[in-house]
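Report on one structure; see the data block that follows.
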Amino acid sequence: MRNEQGNKMDRRIICIGGGELKTKETLKIDNYIANMAKEHAGEKRAYGLFIPTASHDSMPYFNSFRKTYTSVFDIKSDVALTVYGEMSITKIEEKFSKADFIYVGGGDTVFMLEHWKRTGLINLIRDAYERGVLICGLSAGAICWFTDMYTDSKLVDKSGDYSITPGLNWIKGTISPHYNLRSLDFDKIILYNKQDAIALEDKSAIEIVNEKVLQSIDGGGSAYSLRIEEGRIRKNVIQPCIVL
């Protein structure tokens, strides 16, 4: 987890395009994340913190996370609940201080970001990121870090249609999740706007290190780099690492 100089923790995000935790559709990617968390933990038991803000703190969603990361990978699973005021910020800060990785679940991306900013949770996530805690996320949790994101939040579009919406801008660029389901619409939008982009199918992921895409993680889907060249889209598969 150290960078090439060996004296500072790299900033690392794993963005998962989609897939159901409950049915273990992303298990190959989860295995990759679990191994990195255990490396970060060293001799102690690894600790994963789940953030379900986008699903309005869905506890069944957390149970799916726990059944994967605790039951399969023997990682201690915990949750940060903020939507309904069940936990104090002091209690949540304590959870963040113990985390070897943070996993942001899917749901309503715009609601999640507005709630993070309102409650100050975004500062805890940013601090963890800066000190080298692995940040992971699926769907909403995958796209929120980018300059622009393709999302279907009803807070932006009352019809619930997908549209381009500003993200946190930690990672420069435009991104779409669920690309296997949204490719035609997303391609039209980025071609019209002349925007290069990243597109993640379900069961695919990318690993970003120090704000640069390092590689994709092959969990059964593909991750693409989309380039606008001479009025057309050039689609390139982001090179995957080998996941056993």
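The values are calculated or read from the model by the stated rules, or taken from the named source; none is laboratory data. Note that the coordinates shown come from a computational prediction; the quantities given were computed from them, not determined experimentally. So basically every Cβ, Gly included, is an ideal-geometry build from the backbone, and we count neighbours across all protein chains shown. Just the protein is used for accessible areas: all its heavy atoms, side chains included, with ligands, DNA and RNA removed. Shrake-Rupley method; radii C 1.70, N 1.55, O 1.52, S 1.80 Å.
Miscellaneous remarks
Results for (1) within 22 Å of I16 (Cβ to Cβ); (2) touching a helix residue (DSSP H, G or I) at 6+ places or on another chain (Cβ under 8 Å), shown as yes or no for each residue.
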{"position": "F65", "(1), (2)": "yes, no"}
{"position": "M87", "(1), (2)": "no, no"}
{"position": "V104", "(1), (2)": "yes, yes"}
{"position": "G107", "(1), (2)": "yes, yes"}
{"position": "M112", "(1), (2)": "yes, yes"}
{"position": "R118", "(1), (2)": "no, no"}
{"position": "Y129", "(1), (2)": "yes, no"}
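- Top-ranked residue of the stretch 53-103 - restricted to ones that are outside any helix (DSSP H, G or I) and in contact with a Pro (Cβ under 7 Å, 6 or more places away or on another chain), ranked as least open to solvent (accessible area, probe 1.4 Å): V79
- Only residues that are without any contact (Cβ under 8 Å) to a residue 60 or more places away in the chain and closer than 22 Å to N123 by Cβ were counted in the stretch 63-104, giving 24.
- Of all residues in the stretch 202-214 being open to solvent by 40 Å² or more (accessible area, probe 1.4 Å) and touching a residue at least 12 places away in the same chain (Cβ under 8 Å), the one that is nearest to G137 (Cα to Cα): K203
- Residue check, E39 closer than 20 Å to E207 by Cβ, open to solvent by 90 Å² or more (accessible area, probe 1.4 Å) and either touching an Asp or Glu at 6+ places or on another chain (Cβ under 6 Å) or at pLDDT 95 or above (or both): yes
- Considering residues of the stretch 1-22 that are closer than 28 Å to Y224 by Cβ and open to solvent by 90 Å² or more (accessible area, probe 1.4 Å) only, the residue modelled with the lowest pLDDT: E4
- Scan of the stretch 183-192 for residues that are open to solvent by 40 Å² or more (accessible area, probe 1.4 Å) and touching an Asp or Glu at 6+ places or on another chain (Cβ under 9 Å), ordered by number: D185
- Checking every residue in the stretch 155-168 against the condition of being closer than 18 Å to C241 by Cβ and of a type outside the set (F, W, Y) gives zero matches.
- Boolean, Y47 is closer than 23 Å to E211 by Cβ and either open to solvent by 80 Å² or more (accessible area, probe 1.4 Å) or aromatic (F, W, Y) (or both): no
- I125 vs. criteria open to solvent by less than 30 Å² (accessible area, probe 1.4 Å) and part of a strand (DSSP E or B): no
- On the stretch given as the stretch 104-122, residues that are surrounded by fewer than 18 Cβ atoms within 10 Å (Cβ to Cβ) and aliphatic (A, V, I, L, M) total 1.
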